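Data first, discussion second: the structure below is written as structure tokens.
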Amino acid sequence: QVHLVESGGGLVQPGGSLRLSCAASGSISVIYAMGWYRQVPGKQRELVATITNLGSTNYADSVKGRFTISRGNAKNTVYLQMNSLKPEDTADYYCNGLISTGWRTPGTDYWGQGTQVTVSS
């Protein structure tokens with residue numbers, strides 16, 4: 001069993017910053033990639049940013065230049081530094097991990113429970 005736990009959401013004014021954290025734990029063999037997605041009620045969940053185990057990153061166009069994804073030294077943690085936040089960044093943010101739980105076991109998507117980010121004055 002694998003668990004992803006997010007933290008760091010909250011209320012921030014437009015132009016402000018927040019840092020989200022996510023820690024993976026459990027029966028982890030390999031973490032191929034981790035990332036952040038967000039979802040607004042009534043809309044599909046969308047990619048925000050991902051980072052592979054080799055350090056390659058990918059960002060949604062809407063957050064490029066404002067958000068930075070990084071991994072912790074322990075490699076089972078991922079962070080999302082969000083700067084210059086806009087009201088349209090308001091959403092529930094979910095941590096994702098593509099994780100293998102054993103030798104020659106394919107990676108499976110795991111999700112955290114989500115953390116709410118509200119950008120409002």
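The values are calculated or read from the model by the stated rules, or taken from the named source; none is laboratory data. What you see is a predicted model; the values in this text were computed from it and never measured. As a convention, Cβ positions derive from the backbone with ideal geometry for all residues, glycine included, and neighbour counts pool all protein chains shown. For the accessible areas, the whole protein counts, side chains as well, though only heavy atoms, and no ligand, DNA or RNA atoms are used. Shrake-Rupley method; radii C 1.70, N 1.55, O 1.52, S 1.80 Å.
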Vicinal HN-Hα couplings computed from phi for segment 79-87 (Karplus, 6.51 cos²θ - 1.76 cosθ + 1.60; Hz; Gly/Pro x): 10, 10, 8, 10, 10, 6, 5, 10, x
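Could you look at the chain and say what percent of its accessible area is carbon and sulfur, using a 1.4 Å probe and all protein chains?
Working: 3120 of 6530 Å².
Carbon and sulfur atoms account for 48 percent of the accessible area of the chain.
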Segment 79-121: mean projected area of Cα convex hull, nm²: 3.9
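Run the dipole for segment 1-120 about the Cα centre, Lys and Arg Cβ at +1, Asp and Glu Cβ at -1, nothing else charged, and hand back the magnitude in debye, nearest 20. Provide the component values of the computation, followed by the final result.
Values: 10 positive and 7 negative charges, 44 e Å.
Taking the Cα centre of segment 1-120 as origin, the dipole is about 220 debye.
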Kirkwood Rh in Å, taken over all unlike Cα pairs in segment 16-62: 12.7
Largest to smallest principal axis extent of the C-alpha atoms in the chain, angstrom: 49, 27, 21
Surface per residue (accessible, 1.4 Å probe) for segment 8-91, Å²: 53
For segment 33-47, Karplus couplings with θ = phi - 60° (6.51, -1.76, 1.60), whole Hz, Gly/Pro x: 6, 9, x, 10, 10, 9, 8, 9, x, x, 10, 6, 5, 10, 5
Eligible lysines near LYS86 by straight Cα distance, threshold 17 Å, same-chain separation 8 or greater: LYS64
Shape metrics for segment 44-84, restricted to C-alpha atoms - Rg then Dmax, Å: 10.6, 32
